[in-house]
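Peer 1: My questions will all concern the structure given below.
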Amino acid sequence: AAGWVAASLHVEAEHRRSTRTRRKQGRGWRPPPRAVRHAERAVAADPLCVTARVQLGRLRRLGGMGDTAAASFRRALRLAPWNLAAREGLVRACLCAPRTVSRVKEALLAAKEAASRRPGSPLALCLLGDAHAAAAGASLLHNGGATHRARARGAYESALRASPATRGCARAAAGIADVLIAEGHARSAVSVLEKQLECTARDASLHAKLGAVLVKVMDYGEAVSAYQRALAISPGLAEASTGLERAERLLRGEEIADAEEEDDEEDDEEEDDVIEEEDEGLEDDVGEDDEGLDDDDYMG
């Protein structure tokens, strides 16, 4: 099984290198079928190999197959309940679009389990933050959004305090920024990202995130600079290249920001509508106090 896993990883890496230009142009990326077949052969060769199931689940998630990916991660967790990579994969797979209440609830439960098994782990805390942020969208119409956003922010802040200089904590800073934006505090989000970049200055994705938030506050010149820094670090980063093009158009006055932002808001509303169709009792199931969210519990 190990040989097939290694072959799958090799094919994936080669495909990523060969499609760098495509990804830079923002046309998306899908894992090559051969990498998926190698992962499937690894599972067939050794059904008890957790690494093989995690690799297969990850490739399926990247290929847009959230349900089958989640099934792979669940099987991996039955074999190794402590495996954080499998737990992360399950959370990510459950939060793939379309997000339904059942998926969000499973993601939240998986994230809570990760935080319980790995207290103080920045990754586990970020997963908990991501799950609560998703739950905020799912329960918005039931007045639970603010509660989940507060819990998401608490988890992200705990992750930052746990290890502020690591690359993983850049995800926590981005999560805090998203919460602040949802609460209407985009300027504060800029400050959070700039402070984190003092510790993780080589994180291209975080520079791109800063650029996107700067566009929201209509500081287009600084947004262009942020995107340029991201591309200097990672020339193939799609969100940076597409973001830079848009920021430059806005700076030249060739595009009106409000039109595109209204479209984004409409997309968010459509996603909430999909969730609301099944949104009954979410607060009863996932809105209980998170004992593990207190700093003392996580940091101890």
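The values are calculated or read from the model by the stated rules, or taken from the named source; none is laboratory data. Predicted model only: the values in this text are computed from it and were never measured. Here Cβ is always computed from backbone atoms with ideal geometry, including for glycine, and neighbour counts include all displayed protein chains.
Peer 1: If you scan region 220-235, which residues turn out to be surrounded by 22 or more Cβ atoms within 10 Å (Cβ to Cβ) and under 19 Å from the mean Cα position of the chain (by Cα)?
Peer 2: Filtering region 220-235 down to residues surrounded by 22 or more Cβ atoms within 10 Å (Cβ to Cβ) leaves 223, 226-227, 230.
Across region 220-235, the qualifying residue is only Ala230.
Peer 1: Given the criteria surrounded by 22 or more Cβ atoms within 10 Å (Cβ to Cβ) and in contact with a helix residue (DSSP H, G or I) (Cβ under 9 Å, 6 or more places away or on another chain), does Ala238 qualify?
Peer 2: no
Peer 1: Looking at region 193-219, which of the residues that are crowded, with 21+ Cβ neighbours inside 10 Å and either modelled with pLDDT under 95 or not aliphatic (A, V, I, L, M) (or both) is nearest to Cys169 (Cα to Cα)?
Peer 2: First, the residues of region 193-219 that are crowded, with 21+ Cβ neighbours inside 10 Å: 193, 196, 203, 206-215.
From what is left, the residues that are either modelled with pLDDT under 95 or not aliphatic (A, V, I, L, M) (or both) are 196, 203, 207, 209, 211.
Values: Gln196: 8, Asp203: 10, His207: 14, Lys209: 14, Gly211: 18 Å.
Top of the filtered list is Gln196.
Peer 1: Counting only residues that are under 30 Å from Ala44 (Cβ atoms) and of a type in the set (Asp, Glu), give me the helices (runs of 4 or more DSSP H) lying completely in region 69-162 with at least 2 of them. Steps first, answer last, please.
Peer 2: Values: elements: 84-94, 101-117, 122-138, 145-162.
Correct list: 101-117.
Peer 1: Then there is this: Looking at region 227-255 only, could you name the residues that are among the hydrophobic types (A, V, I, L, M, F, W, C), in a helix (DSSP H, G or I) and within 24 Å of Arg16 (Cβ to Cβ)?
Peer 2: Within region 227-255, Ala230, Leu231, Ala232, Ile233, Ala238, Ala240, Leu244 qualify.
Peer 1: While we're on this one: What is the residue count in region 41-51 for residues that are part of a helix (DSSP H, G or I) and surrounded by fewer than 17 Cβ atoms within 10 Å (Cβ to Cβ)?
Peer 2: 2
Peer 1: Between a first residue in region 37-54 that is over 23 Å from Pro81 (Cβ atoms) and a second residue that is of a type in the set (Ser, Thr, Tyr), which pairs have beta carbons less than 8 Å apart while being 6 or more apart in sequence or on different chains?
Peer 2: From region 37-54, the pairs are His38/Ser8.
Peer 1: When you scan region 25-35, do you find a residue that is in a helix (DSSP H, G or I) and either aromatic (Phe, Trp, Tyr) or closer than 22 Å to Glu239 by Cα (or both), even just one?
Peer 2: Just the residues of region 25-35 that are in a helix (DSSP H, G or I), to begin with: 33-35.
So of that shortlist, the ones also either aromatic (Phe, Trp, Tyr) or closer than 22 Å to Glu239 by Cα (or both) come out as none.
Checking region 25-35: not a single residue is in a helix (DSSP H, G or I) and either aromatic (Phe, Trp, Tyr) or closer than 22 Å to Glu239 by Cα (or both).
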